[in-house]
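The values are calculated or read from the model by the stated rules, or taken from the named source; none is laboratory data. What you are looking at is a predicted structure, and each value in this text was computed from that prediction instead of being measured. Cβ coordinates were reconstructed from backbone atoms using ideal geometry, including for glycine residues, and neighbour counts include every protein chain displayed.
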There are 4 protein chains.
Amino acid sequence: MALDFSRPPHGVVPPLVTPLDEHGDVDRASLERLVSFQLDAGVDGLFVGGSSGEIALLDTARYRAAVEVVVGTAAGAVPVLAGAIDTGTHRVVEHARRAVELGVDAVVVTTPFYVRPGAAEIVDHFRYVHAAVDVPVVAYDIPSAVHVSLTPDVVAELADEGLVVALKDSSGDLAGFREILRRTDLPALTGSELFADTAMQVGAAGIVPGLGNVDPHGYVRLHRAAREGDHRTAAAEQERLARLFRITTVADRSRVGFTAGALGAFKAALAVRGVITHPTTNPPLRPLNDDEMRAIASVLAETGLDPVRAS
Amino acid sequence: MALDFSRPPHGVVPPLVTPLDEHGDVDRASLERLVSFQLDAGVDGLFVGGSSGEIALLDTARYRAAVEVVVGTAAGAVPVLAGAIDTGTHRVVEHARRAVELGVDAVVVTTPFYVRPGAAEIVDHFRYVHAAVDVPVVAYDIPSAVHVSLTPDVVAELADEGLVVALKDSSGDLAGFREILRRTDLPALTGSELFADTAMQVGAAGIVPGLGNVDPHGYVRLHRAAREGDHRTAAAEQERLARLFRITTVADRSRVGFTAGALGAFKAALAVRGVITHPTTNPPLRPLNDDEMRAIASVLAETGLDPVRAS
Amino acid sequence: MALDFSRPPHGVVPPLVTPLDEHGDVDRASLERLVSFQLDAGVDGLFVGGSSGEIALLDTARYRAAVEVVVGTAAGAVPVLAGAIDTGTHRVVEHARRAVELGVDAVVVTTPFYVRPGAAEIVDHFRYVHAAVDVPVVAYDIPSAVHVSLTPDVVAELADEGLVVALKDSSGDLAGFREILRRTDLPALTGSELFADTAMQVGAAGIVPGLGNVDPHGYVRLHRAAREGDHRTAAAEQERLARLFRITTVADRSRVGFTAGALGAFKAALAVRGVITHPTTNPPLRPLNDDEMRAIASVLAETGLDPVRAS
Amino acid sequence: MALDFSRPPHGVVPPLVTPLDEHGDVDRASLERLVSFQLDAGVDGLFVGGSSGEIALLDTARYRAAVEVVVGTAAGAVPVLAGAIDTGTHRVVEHARRAVELGVDAVVVTTPFYVRPGAAEIVDHFRYVHAAVDVPVVAYDIPSAVHVSLTPDVVAELADEGLVVALKDSSGDLAGFREILRRTDLPALTGSELFADTAMQVGAAGIVPGLGNVDPHGYVRLHRAAREGDHRTAAAEQERLARLFRITTVADRSRVGFTAGALGAFKAALAVRGVITHPTTNPPLRPLNDDEMRAIASVLAETGLDPVRAS
């Protein structure tokens, strides 16, 4: 069956973590296993270099390595999206072109940050990126990270002008998500781990769950049930995944920051499951400690997640 | 007289704008004129690639060009600091090493952002950068941009451990600034355009005013008066500079964002004064319009700023 | 049929506006008509003195008048809830006792505000109020107004200890709402006008929609469909109500604040529909102007809402 | 010497705590002693029912009792200001009239809160209060509590129209404070405990320091030195007071909220010094524990504050 890469991103598209080795370099073997694990589970796309991929903490060499491995391992089985996430237009174009050279199918772009752009300047940002890059652009709303929102008005303008092919909405704001679905034809994927079933039911084109790194099978089941209109099954799966999401709150917040607690837990769980070798995160994130690792293992057991057999 | 570059940054250290030509590339001639204008005014250092330098909007080539021109034009007359401002440790080290290769005397580093670091991780960040970079590091507190604060506790730890040689405080929080001065011996420079005289009086080691691009002579006079204990003269100069700062509020905020209004005004005023050729800013910032340019010219006239003669 | 007032609040419970006459006093006749309009539409309870009731802008006399009229007009047909919303415990108890004397069936209480309470102090607040007041207490999460959140942890503690009989969640945070439903047996009503259907589907006990003032029939239909598992009908009704909600964005935000734009629109629409006589709001809210009134009338027409016949 | 009560508030005007007895009622004897302690120290006015007075946590009876005692004990020696601090215009007028009946010389009023007012509505709020109340009104900027700012533009309008006789600025924003001083003739008092000397030097009309409850002599010395242009002495006193202010950070923030830690510390220190009998705060604030009380006693000793002899 020929894949239709011209179709916008849809379905389950996990934002892959970037596994590191004991020296802090990209652990290519672990990343290959992670990609295979995801493909075996039946995901519809792969997103490398997103927030869960510690994009903000990667330098050029690590970014390039991660994209290379994912594109190479996916080998055309599903589309590969890459984050081109940075503070300003020139920097974003620089990342995007690098990703395109490495063979990705689309790039994912936030509003500018550090600077404080106006609404018209946010639209201009996407105009410039759209014009400068040879693959489709996905708009990424993540106000918790960039402290600027992609409002429904701005998204409507991006959609009307054809500057982006989809939206990834990690705002947590269901009302805004529905307003965008009501006002535009833009495919909108939710970044919510916790109301993916609801998002699907109200019309999401897909799910981009960080927790999908750990349990892609769960999100694939949820997505399939939701698509088939079986809301009860989707909701039951969602409830189990919400319990699994508690791995992101085990870390002692007086010791590590929010991001280390969340991304660190994804990596820790993948290490416990045997998918990646080390739970190492990029500096300056601090590693989880043994107690926290045990707590994560315990949550995995409670939610039915066993170690993964080599495929 | 031999310059003592081992002395931490002090005095008036303007965070230079990055002039662009009509194509949006670094306008080397304008940047050279800007550096000469600052040196003629008697500044004590130059800061390239800071917030006023649109660091968040520069790609590698433009960053490199700006640093090269400033280092080359300064030619050892005063120390050159360069921003190594980015979301994570690896990225910051990448920028910092690039700047060091180009000959800067120190690098200026914020907390990580986009990610949400804990206090210990912020200290770690400076540990890593300190270890990786061959020049002194200046800590930069700018919560309006990075949405994380360098608290007095964190700064005290940075100082105690010798990880940074100075602080640039753009928090606007005078109480916190004084707490740092009380608790540490760290030289602390204020980023405030509006209470530079006060900051000097309570013990600041210097001033890093974006507005200093436009009127370095004013800040040099303010600094000299403050250092000599002539608070009345310093305050009078400060009042004039506060009136001049109104150039940052002329832009229509329904048309451009906050950053375009502020940085755009610095460049506009420098163009009006004849120091740089074009007021162009990097995408996606929008240019000021003719009415706004005229309003800026009018503020310059009211505060006694004439066009600059070629030096 | 005897009403069971011991049952916690459930179903559609509109937070009534407080109609005023041309002198700014409570317009008792309009409020009576509003209550009748709501009862005719089949609502399951009435909430007087909530955010939509301009509780923050009422003095004692107006508060008392509003509660009296609603209790008197409802005459036991449905339970009446009253807001006891204020900055601290003593003040809340003072309001709550007043409301209880006037015959309300439950009081609705937020976290303390103006002060910055810790989590344990928030629980204590509800302990004190629970002990001091003779009717059930409903916890009210509205961080947009009080700038403190009722976290799932706090709500779980309130539920475990039996301090409150229900939650009104106006946080807009569906993930948190579902976490509360998962972790407690507490009936939880949503304050969202825009995802009431979703909230019902995931297990909400009811809906407290400000927009329900204007179109109670719509929310009653939505609620009935949702309860019967007819999600398609509920969603269609929700979509129409979302279009109706655009009345809250017609006001020019450079002229009036957010609250005047939203509450003012509810009153304006009720005046257009002939339910209340004047769209007047309490000082210092500014009235909508003629253009805005016309825009509201136009939205009402587009969403199928005619003037109401006297019942 | 006859007092000139027509002169706007100026000098040191401590925002008095409201001492409570073991039952949580106003401890009139302690409040009388506190007032005498302040008058003996030479303060220029008294502010009852402010943030430090736990205004947000007082009911009508406790508010009335506190105002009565302060007015009675001051007995015309200095002007008495009372907070009329609430969410909306009608409520504020209700409090203000009560305070005026009890004999206060001025009322202190914030922006509306809970609601989200626009700039014009904030000005209207002060118009209404000014028209409704027979004593002068002081505008109170405290965004940390009300989450709305009194911008320089709004304050300039209040001043131009003669709606307020002074500003109390607790924003922590020195640049904004100076802008107001530059743009208006309005007497502006700072609420900052930590840069009172600076505020005086740049033109403040006075100081309203919560910490002044504990050490009025210190603030009176600071104020006198500042007024006489002896900045060195003022700064030295300020440094000692900044060290004393550490009493507000001894409380364990995982146990009590921010407000309990700060106001609780003022009361604890006054109890240690023997000025008031109990350190009790209003519900739902939690009391400091023995360790925290000891830590406060230790800071008092280090900063030279002995128990107070009965006057």
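Once segment A:178-190 is narrowed to residues that are out of contact with any helix residue (DSSP H, G or I) (no Cβ under 6 Å at 6 or more places or on another chain) and buried (at least 24 other Cβ atoms within 10 Å of the Cβ), the residue that is farthest from the other protein chains (Cβ to nearest Cβ) is A:Leu189.
Would you check if C:Val137 is in contact with a Ser or Thr (Cβ under 9 Å, 6 or more places away or on another chain) and either on the phi < 0 side of the Ramachandran plot or not acidic (Asp, Glu) (or both)?
Details: in contact with a Ser or Thr (Cβ under 9 Å, 6 or more places away or on another chain): no; either on the phi < 0 side of the Ramachandran plot or not acidic (Asp, Glu) (or both): yes.
No; evaluated as a whole, the condition is false for this residue.
Considering only residues in segment D:35-55 that are of a type in the set (A, V, I, L, M) and surrounded by fewer than 24 Cβ atoms within 10 Å (Cβ to Cβ), the one that is farthest from D:Val220 (Cα to Cα) turns out to be D:Leu39. The residues listed here are B:Arg33, B:Arg62; of these, the one that is over 22 Å from B:Ala145 (Cα atoms) and basic (Lys, Arg) is B:Arg33. Are any of the residues in segment D:236-244 free of Cβ contacts under 8 Å to residues at least 60 places away in the same chain, under 20 Å from D:Asp40 (Cα atoms) and over 17 Å from the mean Cα position of the chain (by Cα)? Yes, the conditions are met somewhere in segment D:236-244. Just one residue in the set B:Arg28, B:Arg62, B:Arg33, B:Arg7 is touching a residue at least 60 places away in the same chain (Cβ under 8 Å), basic (Lys, Arg) and more than 17 Å from A:Gly88 (Cβ to Cβ); that residue is B:Arg33.
Considering only segment A:154-175, I want to know if a residue exists there that is out of contact with any strand residue (DSSP E or B) (no Cβ under 8 Å at 6 or more places or on another chain) and of a type in the set (Ser, Thr, Tyr). No, segment A:154-175 contains no residue that is out of contact with any strand residue (DSSP E or B) (no Cβ under 8 Å at 6 or more places or on another chain) and of a type in the set (Ser, Thr, Tyr). For segment B:159-174, the criterion of being buried (at least 20 other Cβ atoms within 10 Å of the Cβ), assigned to a helix (DSSP H, G or I) and more than 9 Å from every other protein chain (Cβ to nearest Cβ) is satisfied by at least one residue. Within segment C:201-233, the residues that satisfy the criterion of being part of a helix (DSSP H, G or I) and buried (at least 23 other Cβ atoms within 10 Å of the Cβ) are C:Gly210, C:Leu211, C:Gly212, C:Asn213, C:Gly218, C:Tyr219, C:Leu222, C:His223, C:Ala226. Would you confirm whether any residue within segment B:270-289 is farther than 28 Å from D:Asp230 by Cα, at the interface with another protein chain (Cβ under 10 Å from one of its Cβ atoms) and surrounded by fewer than 20 Cβ atoms within 10 Å (Cβ to Cβ)? Yes, segment B:270-289 contains a residue that is farther than 28 Å from D:Asp230 by Cα, at the interface with another protein chain (Cβ under 10 Å from one of its Cβ atoms) and surrounded by fewer than 20 Cβ atoms within 10 Å (Cβ to Cβ). Counting residues in segment C:283-294 that are assigned to a loop (DSSP other than H, G, I, E, B), touching a strand residue (DSSP E or B) at 6+ places or on another chain (Cβ under 8 Å), closer than 22 Å to C:Thr18 by Cα and not aliphatic (A, V, I, L, M) gives zero. Within segment A:238-267, the residues that satisfy the criterion of being within 9 Å of another protein chain (Cβ to nearest Cβ), surrounded by fewer than 20 Cβ atoms within 10 Å (Cβ to Cβ) and closer than 11 Å to A:Leu288 by Cα are A:Arg253, A:Arg255.
A count restricted to segment C:261-311 and to residues that are touching a Phe, Trp or Tyr at 6+ places or on another chain (Cβ under 7 Å) and among the aliphatic types (A, V, I, L, M) stands at 2. Annotation note: of C:Glu68, C:Glu101, the sole residue that is over 21 Å from C:Gly191 (Cβ atoms), surrounded by fewer than 18 Cβ atoms within 10 Å (Cβ to Cβ) and in contact (Cβ under 8 Å) with a residue 24 or more places away in the chain is C:Glu68. Going through (1) in contact with an Asp or Glu (Cβ under 9 Å, 6 or more places away or on another chain); (2) closer than 24 Å to B:Ala61 by Cβ; (3) among the hydrophobic types (A, V, I, L, M, F, W, C) one by one, A:Leu81 falls short only on (2).
Mind checking whether some residue in segment C:245-254 is among the hydroxyl-bearing types (Ser, Thr, Tyr) and modelled with pLDDT under 95? Before you say what the answer is, go through the steps one by one.
Of the residues in segment C:245-254, the ones among the hydroxyl-bearing types (Ser, Thr, Tyr) are C:248-249, C:254.
With the extra rule that they be modelled with pLDDT under 95, the set shrinks to C:254.
Within segment C:245-254 (the criterion being among the hydroxyl-bearing types (Ser, Thr, Tyr) and modelled with pLDDT under 95), the answer is yes, since at least one residue qualifies.
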